[in-house]
Amino acid sequence: MMSLVNSILKNIGASRAARHQEKEHGRYGDNLAAVGGEKKPTVAPARWDKPFLRSLEWKRYEDVCMEYLRIKNCHANVTCIGADGGIDIKIADPTGKVFAIGQCKSWNRPIGVSLIRELYGIMAADNVRHGIFLTTSEYSKDALEFAKGKNLLLIDCDEFVSLVNNLDEISHKRLDDMARAGDYQVPTCVKCGTKMVKRTAKSGKNAGGEFWGCANYPKCKITMHVKQ
Ligand SMILES: [Zn+2]
């Protein structure tokens, strides 16, 4: 059985090669050829880009990451939902033994070294060989430096977009349909799992400003910033 990490590394290699080819031949080479007379099927899912990935609300982004891991034939289990909207990923082989743990974070700011150190610490403590981190953002220089030479796979926004774009057409379509189904931009309450509601602050420092509030207010007081 090909391990997740091997399969993802292979995939990353392929997407890097494809990106290189794009540079050489131009991204729209195929489309131009199609305009030139050759008929191409139009059912292909749209190519993903950074703005699209970043437009996904945090929960949808996490679901998409999980689905990607599932497509890669991993037994990816969501183990818990953290208060900050981060989830823990545990990937087990068919016997149930966890061989990779990770996190995925829908953040605007870069992921610093402390989170990567933390993950590495858990790997060591739990005797898990591989670590994987996914984010809609990037990694700080320190974080990338720390991961060098370790069994840590750090996937940033660009890399994930490439990985998705390099899936076979059927898998890409499956992920694309899932990502775009229903309302994929309104955030989900981290506590209740329901969609949030846009509200205007009546008082306080942010008076007049918009924020996301839980639909279950006043029972639930969770709020989130509106992405700029
Ligand atoms: Zn709530």
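Values in this text are rule-based calculations from the coordinates and carry no lab data. The structure presented is a predicted model; accordingly, all values stated were derived computationally and were not measured. With ideal geometry, Cβ positions are generated from the backbone for all residues, glycine too; neighbour counts draw on all protein chains shown.
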Taking Tyr68, Tyr139 and counting other beta carbon atoms within 10 angstrom, the fewest-first order is Tyr139, Tyr68
P(r) histogram, all alpha-carbon pairs of the stretch 96-146 included - 10 Å bins from 0, percent: 26, 52, 20, 2
Relative contact order for the stretch 109-181: what is it in percent, counting Cα pairs under 8 Å that are at least 6 residues apart? 30
Proximal charge balance of Ile111 [Cβ under 12 Å; K/R count +1, D/E count -1]: 0
List the residues, sorted by chain then number, that are 5 or more residues from Ile132 or on another chain and whose placed amide H is less than 5 Å from its amide H. Ile101, Gly102, Gln103, Leu153
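Over all directions, average the projected area of the Cα convex hull of the stretch 60-197 and note it in nm². Show your work: numbers first, answer last.
Values: hull surface 36.1 nm².
For the stretch 60-197, the mean projected area of the Cα convex hull comes to 9.0 nm².
What net charge is computed for the residues neighbouring Lys150, neighbours being all others with C-beta under 11 Å from the C-beta of Lys150, Lys and Arg scored +1, Asp and Glu -1? Before the final figure, lay out the partial values.
Numbers: positive: Arg117, Arg129, Lys148; negative: Glu145.
Around Lys150, the surrounding residues sum to +2.
Using only alpha carbon pairs under 8 Å that are at least six residues apart, calculate the relative contact order of the stretch 186-228 and give it in whole percent. Before the final figure, lay out each step's value.
Values: 67 pairs, mean separation 13.9, N = 43.
32 percent.
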Given that compact globular proteins tend to follow 2.2 N^0.38 Å, what is the ratio of the alpha-carbon Rg of the stretch 186-228 to that value? 1.09
